[in-house]
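The values are calculated or read from the model by the stated rules, or taken from the named source; none is laboratory data. All values derive from a computational prediction rather than experimental measurement. Note: ideal-geometry Cβ built from the backbone for every residue, glycine included; neighbour counts use all protein chains shown.
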Amino acid sequence: MKVASNGVQIHVKDQGVGSPVIVFLHYWGGSSRTWDDVLAALPAGYRTITPDNRGWGKSDGPATGYALDDFVNDTLAVIAALDLKHYVLVGHSMGGKIAQLFASRRPVGLVGLVLVAPSPPCPLVLPLEVRAAMETAYDSRESVGMAIDHMLTAKPLSPKHREQVIEDSLRGAPQAKAAWPNSTSHEDITHEVTAINVPTLVIAGELDRIDPVATLEAEVLTRIPQSTLQVLPGTGHLSPLESPTEVAAIIRDFVDGLEQLKR
């Protein structure tokens, strides 16, 4: 289905029925299908909502509008269009930073937050050569392959998942590819995240080279109230693809715990 958000059409997959409802936001370079194996490992009774962020997957790629605010407004539009009353928000990497700003606004209906290898709320500070490498990381099959092997993963991806990452990365709108390393990742929301008032779980990859455990401990856990950490052994940054069963189990336990609190 498609949801309109400020003139942009956001592609959304809505699967399952009932409660709990979980909304998933993907990483810079990914798409809604990044979560497919995680969703497959969740209990059958869950309802899952997986949008493609603007500029990625099957969503529109406008010429401008890639600030965190824009992504948050898209997420709000999806939740309003689907009339979600109680839901958990899950965000991976860039999606994790979007999720943090979203949760900081204390929207009605949000009951829990899961941050999977999230980009921290502080500005991303990179040497010029690293930033330049990010700007060209999704330019060709070869450059995406280099990013997979040298930055994104610690476990080898299956041929299917490797091809998926390459396809999703290349499919992104040029302006969406450029926005994250050049502007969106530099946004500072460290003050805003202190307002998050729902239970928050941070899932870190033990071998993540992009958002290491120590960084998440220092920059996320110290700022977000009610936040806890779980570390995935032997896992890099693409944990929804490297360790989907483990990610699903952690999310299930977290969500089930929230359900118990309601009773």
* Asked: Going by the conditions given, is residue 34 at pLDDT 95 or above and either touching a His at 6+ places or on another chain (Cβ under 9 Å) or buried (at least 17 other Cβ atoms within 10 Å of the Cβ) (or both)?
  -> yes
* the stretch 207-263, residues that are assigned to a loop (DSSP other than H, G, I, E, B), surrounded by fewer than 15 Cβ atoms within 10 Å (Cβ to Cβ) and among the small types (Gly, Ala, Ser) -> 234
* To do: Kindly indicate whether residue 169 is in a helix (DSSP H, G or I), touching a residue at least 60 places away in the same chain (Cβ under 8 Å), in contact with a Leu (Cβ under 8 Å, 6 or more places away or on another chain) and not β-branched (Val, Ile, Thr).
  => no
* Of the criteria (1) surrounded by fewer than 20 Cβ atoms within 10 Å (Cβ to Cβ); (2) of a type in the set (Gly, Ala, Ser); (3) under 17 Å from the mean Cα position of the chain (by Cα), which one residue 169 fails -> (1)
* To do: Filter the stretch 51-81 down to residues that are closer than 22 Å to residue 192 by Cβ and in contact (Cβ under 8 Å) with a residue 24 or more places away in the chain, then give me how many there are.
  => 18
* Structure fact -> Of those in the stretch 97-131 that are part of a loop (DSSP other than H, G, I, E, B) and of a type in the set (A, V, I, L, M, F, W, C), the residue modelled with the lowest pLDDT is 126
* Tally of residues being over 11 Å from residue 240 (Cα atoms), of a type outside the set (Gly, Ala, Ser) and part of a helix (DSSP H, G or I) across the stretch 27-46 -> 0
* Structure fact -> Scanning the stretch 70-83 for residues that are in contact with a helix residue (DSSP H, G or I) (Cβ under 9 Å, 6 or more places away or on another chain) and within 15 Å of residue 106 (Cβ to Cβ), the one surrounded by the fewest Cβ atoms within 10 Å (Cβ to Cβ) turns out to be 76
* Structure fact -> Selection from the stretch 2-26 of residues touching a strand residue (DSSP E or B) at 6+ places or on another chain (Cβ under 7 Å) and of a type in the set (A, V, I, L, M) yields 3, 10, 12, 17, 21, 22, 23, 25
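A quick yes/no check of all residues on (1) within 13 Å of the chain's Cα centre (by Cα); (2) among the small types (Gly, Ala, Ser); (3) buried (at least 24 other Cβ atoms within 10 Å of the Cβ):
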position	(1), (2), (3)
87	no, no, no
93	yes, yes, yes
101	yes, no, no
104	no, yes, no
107	no, no, no
112	no, yes, yes
115	yes, no, yes
118	yes, no, yes
129	no, no, no
* Of all residues in the stretch 172-218 being of a type in the set (Asp, Glu) and within 17 Å of the chain's Cα centre (by Cα), which is farthest from residue 151 (Cα to Cα)? -> 187
* Asked: Taking the stated definitions as given, is residue 176 of a type in the set (Gly, Ala, Ser), surrounded by fewer than 15 Cβ atoms within 10 Å (Cβ to Cβ) and modelled with pLDDT of 95 or more?
  -> no
* touching a Cys at 6+ places or on another chain (Cβ under 6 Å), within 23 Å of residue 105 (Cβ to Cβ) and at pLDDT 95 or above, is that true of residue 190? -> yes
* Scan the stretch 202-214 and give yes if some residue there is farther than 23 Å from residue 35 by Cα and either at pLDDT 95 or above or polar (S, T, N, Q) (or both), otherwise no. => yes
